[in-house]
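Here the structure comes first, spelled out in C-alpha coordinates, and everything after it is commentary.
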Amino acid sequence: MEEHSQEREKLVFLETFGCQMNDNDSERMLGILKGINFARTDDPCSADLILINTCTVRDKAEQKVYSTLGRYKELKKERPGLIIGVGGCVAQQQGEKLLKRAPHLDIVFGPHNVHKLRELLIEADSGRRVVATRLTETIDCDEYGVSPSASGEKAFVSIMRGCNNFCSYCIVPYTRGREVSRQSADIISEIEAAAAAGVKEVTLLGQNVNSYGTSGGGDVSFPELLKLVCRVEGVKRVRFVTSHPKDIGDELIELFGHEKKLCRHLHLPVQSGSDAILARMGRGYTSGEYFSKIEKIKKLYPEMSITTDIIVGFPGETEADFASTMDLLRKVRFDNIFSFMYSPRPNTKAASFEGQLPLDVRTGRLQVLQEEQKQITIERNRETIGKKMEVFVEGPSRGNPDEMMGRTSCNRIVNFALAAGMSAAPGDIMEVFVTDAYANSLRASAGR
Ligand code: SF4
(Lines give C-alpha, C1' and ligand atoms only; values in the text may rest on other atoms or scores of the structure.)
Protein backbone atom coordinates (compact mmCIF):
# COMPACT_ATOMS: atom_id res chain seq x y z
CA MET A 1 0.00 0.00 0.00
CA GLU A 2 2.82 2.45 -1.00
CA GLU A 3 0.29 5.08 -1.98
CA HIS A 4 -0.35 5.74 1.74
CA SER A 5 3.20 6.97 2.31
CA GLN A 6 2.68 9.73 -0.31
CA GLU A 7 -0.58 10.85 1.27
CA ARG A 8 -1.50 12.66 4.45
CA GLU A 9 -1.23 10.57 7.58
CA LYS A 10 -4.31 8.40 7.96
CA LEU A 11 -6.03 7.57 11.22
CA VAL A 12 -7.03 4.21 12.69
CA PHE A 13 -9.44 3.68 15.56
CA LEU A 14 -8.82 0.30 17.15
CA GLU A 15 -10.92 -1.37 19.84
CA THR A 16 -9.55 -4.49 21.54
CA PHE A 17 -11.53 -7.01 23.57
CA GLY A 18 -10.27 -10.03 25.45
CA CYS A 19 -6.95 -11.44 26.50
CA GLN A 20 -3.30 -10.46 26.27
CA MET A 21 -2.96 -12.48 23.06
CA ASN A 22 -5.48 -10.09 21.53
CA ASP A 23 -3.64 -7.07 22.95
CA ASN A 24 -0.51 -8.42 21.34
CA ASP A 25 -2.28 -8.97 18.00
CA SER A 26 -3.57 -5.39 18.20
CA GLU A 27 -0.04 -4.13 18.74
CA ARG A 28 1.05 -6.08 15.67
CA MET A 29 -1.80 -4.49 13.68
CA LEU A 30 -0.68 -1.05 14.82
CA GLY A 31 2.92 -1.92 13.90
CA ILE A 32 1.84 -2.84 10.34
CA LEU A 33 -0.34 0.25 10.05
CA LYS A 34 2.44 2.53 11.28
CA GLY A 35 4.52 1.24 8.36
CA ILE A 36 1.86 2.45 5.91
CA ASN A 37 1.41 5.89 7.42
CA PHE A 38 -1.42 5.32 9.87
CA ALA A 39 -1.54 6.91 13.31
CA ARG A 40 -3.89 5.89 16.10
CA THR A 41 -6.86 8.03 17.09
CA ASP A 42 -9.27 7.81 20.04
CA ASP A 43 -12.05 9.27 17.96
CA PRO A 44 -13.86 6.90 15.58
CA CYS A 45 -15.51 9.89 13.85
CA SER A 46 -12.17 11.10 12.51
CA ALA A 47 -10.84 7.65 11.57
CA ASP A 48 -10.13 6.40 8.04
CA LEU A 49 -10.04 2.84 9.36
CA ILE A 50 -11.97 1.28 12.23
CA LEU A 51 -10.78 -2.09 13.54
CA ILE A 52 -12.48 -4.22 16.19
CA ASN A 53 -10.32 -7.01 17.61
CA THR A 54 -12.83 -9.44 19.10
CA CYS A 55 -12.95 -12.11 21.79
CA THR A 56 -15.22 -15.12 22.19
CA VAL A 57 -14.46 -15.83 25.81
CA ARG A 58 -17.08 -13.59 27.35
CA ASP A 59 -20.78 -14.32 27.15
CA LYS A 60 -22.70 -12.98 24.16
CA ALA A 61 -19.46 -12.07 22.39
CA GLU A 62 -21.06 -12.25 18.96
CA GLN A 63 -23.96 -9.95 19.89
CA LYS A 64 -21.44 -7.48 21.32
CA VAL A 65 -19.62 -7.39 17.99
CA TYR A 66 -22.85 -6.64 16.12
CA SER A 67 -23.83 -3.90 18.56
CA THR A 68 -20.33 -2.39 18.36
CA LEU A 69 -20.48 -2.55 14.57
CA GLY A 70 -23.95 -0.97 14.63
CA ARG A 71 -22.43 2.15 16.19
CA TYR A 72 -20.35 2.71 13.05
CA LYS A 73 -23.09 2.21 10.48
CA GLU A 74 -23.96 5.91 10.26
CA LEU A 75 -20.30 6.85 9.97
CA LYS A 76 -19.92 4.56 6.97
CA LYS A 77 -23.00 6.13 5.35
CA GLU A 78 -21.58 9.61 5.80
CA ARG A 79 -18.11 8.59 4.59
CA PRO A 80 -18.21 5.59 2.25
CA GLY A 81 -14.39 5.69 2.02
CA LEU A 82 -14.17 4.62 5.66
CA ILE A 83 -12.93 1.03 5.99
CA ILE A 84 -14.25 -1.14 8.80
CA GLY A 85 -12.62 -4.43 9.81
CA VAL A 86 -13.29 -7.12 12.41
CA GLY A 87 -10.40 -9.29 13.62
CA GLY A 88 -9.90 -11.78 16.44
CA CYS A 89 -11.73 -14.91 17.54
CA VAL A 90 -15.30 -13.88 16.63
CA ALA A 91 -14.04 -13.05 13.12
CA GLN A 92 -12.45 -16.50 12.94
CA GLN A 93 -15.61 -18.23 14.10
CA GLN A 94 -18.15 -16.28 12.08
CA GLY A 95 -16.21 -15.54 8.88
CA GLU A 96 -18.54 -14.81 5.92
CA LYS A 97 -21.55 -14.64 8.25
CA LEU A 98 -20.26 -11.37 9.65
CA LEU A 99 -20.07 -9.81 6.18
CA LYS A 100 -23.61 -10.96 5.43
CA ARG A 101 -25.06 -9.59 8.64
CA ALA A 102 -23.17 -6.29 8.55
CA PRO A 103 -23.27 -4.86 5.01
CA HIS A 104 -21.12 -1.90 6.07
CA LEU A 105 -18.26 -4.22 7.10
CA ASP A 106 -15.28 -4.46 4.70
CA ILE A 107 -12.75 -6.87 6.23
CA VAL A 108 -13.02 -10.00 8.40
CA PHE A 109 -9.72 -11.53 9.49
CA GLY A 110 -8.80 -14.21 12.03
CA PRO A 111 -5.80 -14.35 14.39
CA HIS A 112 -3.63 -16.27 11.88
CA ASN A 113 -4.09 -13.50 9.31
CA VAL A 114 -3.08 -10.40 11.26
CA HIS A 115 0.17 -10.13 9.27
CA LYS A 116 -1.84 -9.84 6.04
CA LEU A 117 -3.57 -6.64 7.14
CA ARG A 118 -1.74 -4.48 4.61
CA GLU A 119 -2.87 -6.66 1.66
CA LEU A 120 -6.41 -6.84 3.06
CA LEU A 121 -6.54 -3.04 3.20
CA ILE A 122 -5.42 -2.77 -0.43
CA GLU A 123 -8.29 -5.08 -1.43
CA ALA A 124 -10.80 -3.17 0.67
CA ASP A 125 -9.51 0.14 -0.76
CA SER A 126 -10.34 -1.15 -4.21
CA GLY A 127 -13.93 -1.84 -3.13
CA ARG A 128 -13.75 -5.58 -2.45
CA ARG A 129 -15.11 -7.05 0.78
CA VAL A 130 -12.67 -9.64 2.09
CA VAL A 131 -12.58 -12.58 4.50
CA ALA A 132 -9.25 -14.03 5.69
CA THR A 133 -9.78 -16.83 8.17
CA ARG A 134 -7.39 -19.51 6.96
CA LEU A 135 -5.85 -21.40 9.89
CA THR A 136 -2.28 -22.49 9.23
CA GLU A 137 -0.32 -25.27 10.89
CA THR A 138 3.02 -23.51 10.68
CA ILE A 139 3.97 -19.96 11.46
CA ASP A 140 4.58 -18.00 8.24
CA CYS A 141 8.07 -16.51 8.22
CA ASP A 142 6.64 -12.98 7.93
CA GLU A 143 3.94 -13.53 10.56
CA TYR A 144 5.83 -11.84 13.38
CA GLY A 145 8.12 -9.90 11.03
CA VAL A 146 6.72 -6.49 11.91
CA SER A 147 7.61 -5.25 15.35
CA PRO A 148 4.62 -4.49 17.53
CA SER A 149 4.02 -0.77 17.77
CA ALA A 150 4.22 -0.77 21.58
CA SER A 151 6.52 1.84 22.92
CA GLY A 152 7.64 2.37 26.48
CA GLU A 153 9.30 0.13 29.00
CA LYS A 154 7.19 -3.02 28.74
CA ALA A 155 6.74 -5.41 25.83
CA PHE A 156 4.57 -8.48 25.29
CA VAL A 157 6.08 -11.06 22.99
CA SER A 158 4.16 -14.02 21.57
CA ILE A 159 6.32 -17.13 21.68
CA MET A 160 3.70 -19.50 20.26
CA ARG A 161 0.14 -19.58 19.14
CA GLY A 162 -2.82 -21.92 19.38
CA CYS A 163 -3.48 -24.74 21.82
CA ASN A 164 -3.74 -28.52 21.65
CA ASN A 165 -5.51 -29.09 24.96
CA PHE A 166 -9.16 -28.84 23.96
CA CYS A 167 -10.47 -28.19 27.45
CA SER A 168 -14.15 -28.97 27.11
CA TYR A 169 -15.34 -25.39 27.77
CA CYS A 170 -12.82 -23.54 25.61
CA ILE A 171 -13.04 -22.18 22.10
CA VAL A 172 -9.36 -21.27 21.67
CA PRO A 173 -8.18 -24.42 19.81
CA TYR A 174 -10.93 -23.76 17.26
CA THR A 175 -10.26 -20.05 16.77
CA ARG A 176 -6.48 -19.93 17.20
CA GLY A 177 -5.72 -23.38 15.83
CA ARG A 178 -3.19 -25.99 16.90
CA GLU A 179 -0.18 -25.16 18.99
CA VAL A 180 2.86 -23.94 17.07
CA SER A 181 5.98 -22.43 18.62
CA ARG A 182 8.20 -19.74 17.12
CA GLN A 183 11.92 -20.33 16.69
CA SER A 184 13.94 -19.14 19.67
CA ALA A 185 16.27 -17.03 17.49
CA ASP A 186 13.29 -15.05 16.12
CA ILE A 187 11.94 -14.47 19.61
CA ILE A 188 15.32 -13.36 20.94
CA SER A 189 15.94 -10.96 18.07
CA GLU A 190 12.50 -9.41 18.62
CA ILE A 191 13.36 -8.95 22.31
CA GLU A 192 16.83 -7.58 21.54
CA ALA A 193 15.25 -5.00 19.22
CA ALA A 194 12.71 -4.09 21.88
CA ALA A 195 15.45 -3.76 24.52
CA ALA A 196 17.48 -1.55 22.18
CA ALA A 197 14.38 0.66 21.86
CA GLY A 198 14.13 1.03 25.64
CA VAL A 199 12.02 -1.93 26.77
CA LYS A 200 13.05 -3.17 30.21
CA GLU A 201 10.34 -5.69 31.07
CA VAL A 202 9.30 -8.51 28.77
CA THR A 203 6.25 -10.75 29.15
CA LEU A 204 6.30 -13.94 27.07
CA LEU A 205 2.83 -14.87 25.85
CA GLY A 206 1.20 -18.13 24.86
CA GLN A 207 -1.95 -20.11 25.66
CA ASN A 208 0.24 -22.71 27.32
CA VAL A 209 3.82 -21.46 27.54
CA ASN A 210 5.07 -24.55 29.41
CA SER A 211 4.61 -26.67 26.33
CA TYR A 212 6.67 -24.28 24.18
CA GLY A 213 8.81 -26.27 21.77
CA THR A 214 7.04 -29.57 22.30
CA SER A 215 4.60 -29.60 19.42
CA GLY A 216 5.56 -27.99 16.15
CA GLY A 217 8.21 -25.29 15.82
CA GLY A 218 10.42 -24.14 18.66
CA ASP A 219 13.92 -25.51 19.02
CA VAL A 220 14.52 -25.35 22.78
CA SER A 221 12.46 -26.08 25.90
CA PHE A 222 10.55 -23.31 27.68
CA PRO A 223 13.04 -23.12 30.61
CA GLU A 224 15.89 -22.89 28.07
CA LEU A 225 14.06 -20.11 26.24
CA LEU A 226 13.59 -18.25 29.53
CA LYS A 227 17.33 -18.48 30.20
CA LEU A 228 18.06 -16.97 26.77
CA VAL A 229 15.57 -14.14 27.38
CA CYS A 230 17.13 -13.40 30.77
CA ARG A 231 20.51 -13.01 29.03
CA VAL A 232 19.28 -10.17 26.78
CA GLU A 233 21.08 -6.99 27.72
CA GLY A 234 18.83 -4.20 28.93
CA VAL A 235 16.01 -6.52 30.01
CA LYS A 236 15.55 -6.20 33.76
CA ARG A 237 12.45 -8.31 34.32
CA VAL A 238 10.91 -11.32 32.62
CA ARG A 239 7.33 -12.57 33.05
CA PHE A 240 5.26 -15.20 31.28
CA VAL A 241 1.59 -16.21 30.90
CA THR A 242 -0.21 -18.59 30.78
CA SER A 243 1.05 -21.77 32.40
CA HIS A 244 -0.81 -25.07 32.41
CA PRO A 245 -0.60 -27.06 35.68
CA LYS A 246 -0.11 -30.38 33.89
CA ASP A 247 2.95 -29.08 32.00
CA ILE A 248 4.79 -27.17 34.69
CA GLY A 249 7.89 -29.17 35.51
CA ASP A 250 10.77 -29.19 37.99
CA GLU A 251 13.18 -27.54 35.53
CA LEU A 252 10.99 -24.44 35.41
CA ILE A 253 10.36 -24.43 39.15
CA GLU A 254 14.11 -24.65 39.80
CA LEU A 255 14.84 -21.85 37.35
CA PHE A 256 13.20 -19.33 39.70
CA GLY A 257 16.07 -20.07 42.08
CA HIS A 258 18.75 -19.14 39.51
CA GLU A 259 17.36 -16.39 37.34
CA LYS A 260 17.06 -13.16 39.28
CA LYS A 261 15.30 -11.44 36.36
CA LEU A 262 12.47 -13.94 36.47
CA CYS A 263 9.58 -12.31 38.31
CA ARG A 264 8.26 -13.98 41.44
CA HIS A 265 4.76 -14.47 40.14
CA LEU A 266 3.13 -17.54 38.72
CA HIS A 267 -0.31 -17.51 37.15
CA LEU A 268 -1.45 -21.12 37.23
CA PRO A 269 -5.12 -21.60 36.28
CA VAL A 270 -6.70 -24.39 38.34
CA GLN A 271 -10.33 -23.84 37.17
CA SER A 272 -11.90 -26.09 39.85
CA GLY A 273 -11.03 -27.85 43.10
CA SER A 274 -13.19 -30.87 42.29
CA ASP A 275 -11.55 -33.86 40.59
CA ALA A 276 -14.84 -34.86 38.95
CA ILE A 277 -15.21 -31.41 37.40
CA LEU A 278 -11.55 -31.23 36.39
CA ALA A 279 -11.99 -34.55 34.57
CA ARG A 280 -15.10 -33.26 32.78
CA MET A 281 -13.20 -30.11 31.86
CA GLY A 282 -10.43 -32.30 30.40
CA ARG A 283 -7.72 -30.50 32.34
CA GLY A 284 -5.38 -33.47 32.79
CA TYR A 285 -4.60 -33.10 36.55
CA THR A 286 -6.30 -33.61 39.89
CA SER A 287 -6.78 -31.07 42.60
CA GLY A 288 -4.21 -32.94 44.75
CA GLU A 289 -1.60 -32.87 41.97
CA TYR A 290 -2.17 -29.16 41.53
CA PHE A 291 -1.86 -28.52 45.25
CA SER A 292 1.37 -30.48 45.61
CA LYS A 293 2.99 -28.39 42.84
CA ILE A 294 1.90 -25.21 44.62
CA GLU A 295 3.23 -26.48 47.94
CA LYS A 296 6.60 -27.23 46.38
CA ILE A 297 6.80 -23.74 44.82
CA LYS A 298 5.75 -22.00 48.04
CA LYS A 299 8.27 -23.96 50.08
CA LEU A 300 11.11 -23.01 47.74
CA TYR A 301 10.00 -19.41 47.20
CA PRO A 302 7.83 -18.09 50.03
CA GLU A 303 7.78 -14.63 48.42
CA MET A 304 6.25 -15.97 45.19
CA SER A 305 2.73 -14.79 44.45
CA ILE A 306 0.37 -17.35 42.97
CA THR A 307 -2.71 -16.36 41.02
CA THR A 308 -5.26 -18.50 39.24
CA ASP A 309 -8.41 -18.70 37.12
CA ILE A 310 -11.54 -20.39 38.47
CA ILE A 311 -14.77 -21.27 36.68
CA VAL A 312 -17.83 -21.86 38.87
CA GLY A 313 -21.11 -23.45 37.84
CA PHE A 314 -19.63 -25.84 35.27
CA PRO A 315 -22.27 -28.31 34.00
CA GLY A 316 -22.93 -30.96 36.65
CA GLU A 317 -21.13 -29.04 39.44
CA THR A 318 -22.73 -30.15 42.72
CA GLU A 319 -22.63 -28.31 46.05
CA ALA A 320 -19.92 -30.79 47.08
CA ASP A 321 -17.86 -29.98 43.96
CA PHE A 322 -18.16 -26.28 44.69
CA ALA A 323 -17.18 -26.91 48.32
CA SER A 324 -13.99 -28.61 47.04
CA THR A 325 -13.16 -25.47 45.07
CA MET A 326 -13.69 -23.34 48.17
CA ASP A 327 -11.45 -25.73 50.16
CA LEU A 328 -8.68 -25.39 47.60
CA LEU A 329 -9.04 -21.60 47.67
CA ARG A 330 -8.53 -21.59 51.45
CA LYS A 331 -5.67 -24.12 51.34
CA VAL A 332 -3.65 -22.36 48.63
CA ARG A 333 -4.50 -18.80 49.72
CA PHE A 334 -4.04 -17.40 46.23
CA ASP A 335 -2.78 -13.85 46.01
CA ASN A 336 -5.53 -13.14 43.53
CA ILE A 337 -7.91 -14.94 41.20
CA PHE A 338 -9.75 -14.30 37.97
CA SER A 339 -13.12 -15.90 38.48
CA PHE A 340 -15.80 -16.62 35.93
CA MET A 341 -19.26 -18.06 35.90
CA TYR A 342 -19.51 -20.88 33.38
CA SER A 343 -21.42 -20.02 30.24
CA PRO A 344 -21.53 -22.26 27.19
CA ARG A 345 -19.45 -21.39 24.12
CA PRO A 346 -20.79 -22.51 20.77
CA ASN A 347 -19.02 -25.56 19.29
CA THR A 348 -17.40 -26.62 22.56
CA LYS A 349 -18.04 -30.04 24.12
CA ALA A 350 -19.25 -28.65 27.43
CA ALA A 351 -22.00 -26.65 25.71
CA SER A 352 -23.84 -29.94 25.13
CA PHE A 353 -23.10 -31.50 28.53
CA GLU A 354 -26.04 -32.46 30.70
CA GLY A 355 -26.52 -30.67 34.01
CA GLN A 356 -26.28 -27.06 32.82
CA LEU A 357 -26.92 -25.03 35.97
CA PRO A 358 -29.44 -22.21 36.33
CA LEU A 359 -28.15 -18.66 36.33
CA ASP A 360 -29.04 -17.99 39.99
CA VAL A 361 -26.97 -20.99 41.15
CA ARG A 362 -23.99 -19.91 39.05
CA THR A 363 -24.15 -16.25 40.15
CA GLY A 364 -24.64 -17.25 43.79
CA ARG A 365 -21.53 -19.45 43.75
CA LEU A 366 -19.48 -16.79 41.99
CA GLN A 367 -20.42 -14.28 44.66
CA VAL A 368 -19.48 -16.63 47.51
CA LEU A 369 -16.13 -17.39 45.85
CA GLN A 370 -15.31 -13.75 45.18
CA GLU A 371 -16.21 -12.64 48.71
CA GLU A 372 -13.93 -15.26 50.24
CA GLN A 373 -11.08 -14.45 47.86
CA LYS A 374 -11.37 -10.72 48.52
CA GLN A 375 -10.57 -11.35 52.18
CA ILE A 376 -7.68 -13.66 51.33
CA THR A 377 -6.23 -11.10 48.89
CA ILE A 378 -6.36 -8.35 51.50
CA GLU A 379 -4.73 -10.64 54.08
CA ARG A 380 -2.01 -11.68 51.63
CA ASN A 381 -1.38 -8.04 50.73
CA ARG A 382 -1.22 -7.06 54.41
CA GLU A 383 1.52 -9.66 54.93
CA THR A 384 3.82 -7.35 52.93
CA ILE A 385 3.47 -4.41 55.37
CA GLY A 386 6.82 -3.53 56.88
CA LYS A 387 8.76 -5.26 54.10
CA LYS A 388 11.21 -3.75 51.65
CA MET A 389 10.28 -4.56 48.07
CA GLU A 390 11.71 -3.74 44.67
CA VAL A 391 9.32 -2.04 42.29
CA PHE A 392 9.52 -1.49 38.56
CA VAL A 393 8.41 2.13 38.12
CA GLU A 394 5.56 2.47 35.63
CA GLY A 395 4.78 6.20 35.95
CA PRO A 396 2.85 8.67 38.09
CA SER A 397 0.24 7.20 40.42
CA ARG A 398 -3.27 7.36 38.94
CA GLY A 399 -4.88 8.70 42.10
CA ASN A 400 -2.17 11.23 42.94
CA PRO A 401 0.16 12.56 40.23
CA ASP A 402 2.62 13.73 42.91
CA GLU A 403 3.28 10.09 43.73
CA MET A 404 4.62 7.24 41.61
CA MET A 405 3.20 3.85 40.71
CA GLY A 406 5.25 0.73 40.33
CA ARG A 407 4.87 -3.03 40.31
CA THR A 408 6.62 -5.55 42.53
CA SER A 409 8.25 -8.64 41.13
CA CYS A 410 5.28 -10.55 42.59
CA ASN A 411 3.00 -8.34 40.45
CA ARG A 412 1.46 -6.13 43.13
CA ILE A 413 0.71 -2.51 42.31
CA VAL A 414 2.46 -0.09 44.66
CA ASN A 415 1.73 3.62 45.00
CA PHE A 416 4.59 5.39 46.67
CA ALA A 417 5.83 8.81 47.62
CA LEU A 418 9.40 9.88 46.90
CA ALA A 419 11.52 11.55 49.55
CA ALA A 420 12.51 15.18 48.92
CA GLY A 421 15.14 15.45 46.20
CA MET A 422 14.50 11.95 44.85
CA SER A 423 13.37 11.24 41.33
CA ALA A 424 12.11 8.14 39.52
CA ALA A 425 11.46 7.47 35.86
CA PRO A 426 9.45 4.72 34.16
CA GLY A 427 11.59 1.62 33.82
CA ASP A 428 13.66 2.32 36.95
CA ILE A 429 13.83 -0.39 39.57
CA MET A 430 13.84 0.97 43.09
CA GLU A 431 13.41 -0.24 46.62
CA VAL A 432 10.36 0.87 48.58
CA PHE A 433 9.14 0.29 52.11
CA VAL A 434 5.55 -1.01 52.32
CA THR A 435 3.46 0.96 54.80
CA ASP A 436 -0.11 -0.16 54.08
CA ALA A 437 -2.08 -2.62 51.96
CA TYR A 438 -5.54 -2.72 50.38
CA ALA A 439 -7.50 -5.05 48.14
CA ASN A 440 -5.89 -3.92 44.89
CA SER A 441 -2.67 -2.17 45.81
CA LEU A 442 0.03 -1.46 48.36
CA ARG A 443 1.18 1.86 49.75
CA ALA A 444 4.87 2.52 50.27
CA SER A 445 7.54 5.12 50.68
CA ALA A 446 10.85 5.38 48.89
CA GLY A 447 14.07 6.75 50.26
CA ARG A 448 13.00 7.13 53.87
S1 SF4 B 1 -5.32 -24.86 27.88
FE2 SF4 B 1 -7.56 -25.24 27.78
S3 SF4 B 1 -8.43 -23.30 28.50
FE4 SF4 B 1 -6.32 -22.84 27.93
S5 SF4 B 1 -6.42 -22.18 25.77
FE6 SF4 B 1 -6.01 -24.38 25.76
S7 SF4 B 1 -8.03 -25.32 25.57
FE8 SF4 B 1 -8.37 -23.20 26.24
Yes or no: segment 398-406 includes at least one residue that is surrounded by fewer than 16 Cβ atoms within 10 Å (Cβ to Cβ) and among the hydrophobic types (A, V, I, L, M, F, W, C). no
Criterion violated by GLU371 - all others in (1) more than 28 Å from ALA279 (Cα to Cα); (2) at pLDDT 95 or above; (3) acidic (Asp, Glu) satisfied: (1)
Hey, among PHE291, PHE256, which residue is of a type in the set (Phe, Trp, Tyr), assigned to a helix (DSSP H, G or I) and under 22 Å from the mean Cα position of the chain (by Cα)? PHE256
In this structure, is ARG345 touching a helix residue (DSSP H, G or I) at 6+ places or on another chain (Cβ under 7 Å), more than 15 Å from GLY282 (Cβ to Cβ) and among the charged types (D, E, K, R)? no
Could you please give the count of residues in segment 178-187 that are in contact with a strand residue (DSSP E or B) (Cβ under 8 Å, 6 or more places away or on another chain) and more than 11 Å from the ligand (Cβ to nearest atom)? 5
Looking at GLU394, GLU354, GLU379, can you tell me which residue is part of a strand (DSSP E or B) and more than 16 Å from the ligand (Cβ to nearest atom)? GLU394
Within segment 294-312, of all residues that are crowded, with 21+ Cβ neighbours inside 10 Å and not in a helix (DSSP H, G or I), the one farthest from the ligand (Cβ to nearest atom) is SER305
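For (1) more than 16 Å from the ligand (Cβ to nearest atom); (2) polar (S, T, N, Q), each residue gets a yes or a no:
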| site | (1), (2) |
| --- | --- |
| CYS163 | no, no |
| TYR169 | no, no |
| VAL172 | no, no |
| SER189 | yes, yes |
| PHE222 | no, no |
| LEU226 | yes, no |
| GLU233 | yes, no |
| ILE248 | no, no |
| GLY257 | yes, no |
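Table: residues versus (1) within 26 Å of the chain's Cα centre (by Cα); (2) crowded, with 17+ Cβ neighbours inside 10 Å; (3) part of a helix (DSSP H, G or I); (4) touching a residue at least 40 places away in the same chain (Cβ under 8 Å).
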{"residue": "ASP42", "(1), (2), (3), (4)": "yes, no, no, no"}
{"residue": "CYS45", "(1), (2), (3), (4)": "no, no, yes, no"}
{"residue": "ILE52", "(1), (2), (3), (4)": "yes, yes, no, no"}
{"residue": "TYR66", "(1), (2), (3), (4)": "yes, no, yes, no"}
{"residue": "GLU74", "(1), (2), (3), (4)": "no, no, yes, no"}
{"residue": "LYS77", "(1), (2), (3), (4)": "no, no, yes, no"}
{"residue": "ILE84", "(1), (2), (3), (4)": "yes, yes, no, no"}
{"residue": "GLN92", "(1), (2), (3), (4)": "yes, yes, yes, yes"}
Do we have any residue at all in segment 120-137 that's modelled with pLDDT under 90, farther than 21 Å from PRO173 by Cβ, part of a loop (DSSP other than H, G, I, E, B) and outside the structural domain of LEU30 (by TED's automatic domain parsing)? no
Looking only at segment 330-337, decide whether some residue is assigned to a helix (DSSP H, G or I) and of a type in the set (D, E, K, R). yes
Top-ranked residue in segment 264-287 [being within 30 Å of LYS236 (Cα to Cα) and in contact with a helix residue (DSSP H, G or I) (Cβ under 9 Å, 6 or more places away or on another chain); ranked as surrounded by the most Cβ atoms within 10 Å (Cβ to Cβ)]: LEU266
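The values are calculated or read from the model by the stated rules, or taken from the named source; none is laboratory data. In this text, all values refer to a predicted model and were calculated from it rather than measured experimentally. Note: ideal-geometry Cβ built from the backbone for every residue, glycine included; neighbour counts use all protein chains shown.
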